[in-house]
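Note sheet for the following structure.
Values quoted throughout were computed directly from the atomic coordinates according to the rules given, and no laboratory measurement underlies them. From a predicted model like this one, the values you see are computed outputs, not experimental measurements. All Cβ positions, glycine included, derive from the backbone under ideal geometry; neighbour counts span all protein chains shown.
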Amino acid sequence: MADSEAGDLMIAVRDAAHAIDQVFERPGVAVWQNNGTAAHQAIPHLHFHVAGTLPGGGTDFGEVAESSVEETDEIGRQLTSSVPARSAVHRVVEPRLARSGGA
């Protein structure tokens, strides 16, 4: 990954954290990575988890039901409305929503 891409990625992570805070009014936001086979990746790749924390703190949500594509697209719409237009998040999320008919 080029330095410029890494910079864009971190800006997108920051913007996603801000959007989660704005839209869902969580008490905090957690950001983490699980990379490599030792971290249980079947196909090694780079990604970040960005999640609002629980009212008591932490991110142990227990078993979480799988959401439909429609539900996740709606979450994407809510979050992208709170992300600055310059963000790399828009380059990733908006094309995905357009393909699904959500944008």
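For this structure, a couple of remarks:
- Sites residue 25 and residue 65 - FRET efficiency at Förster radius 22 Å, r taken between beta-carbons, to 0.05: 0.55
- In a simple Cβ point-charge model (Lys, Arg +1; Asp, Glu -1; nothing else charged), region 3-99 has a dipole of about 260 debye relative to its Cα centre.
- Using a cutoff of 8 angstrom between alpha carbon atoms and counting only pairs six or more residues apart, the relative contact order for region 3-99 works out to 31 percent.
- For region 2-93, the set of chymotrypsin sites (Phe, Trp or Tyr not before Pro) satisfying both a DSSP loop assignment and a count of at most 16 other C-beta atoms within 10 Å is given as 48, 61.
- Note on region 3-99: the alpha carbon radius of gyration divided by the globular reference 2.2 N^0.38 Å gives 1.13.
- Total charge dipole magnitude, region 29-83, about the Cα centre, Cβ charges on Lys, Arg, Asp, Glu only, Debye to nearest 20: 300
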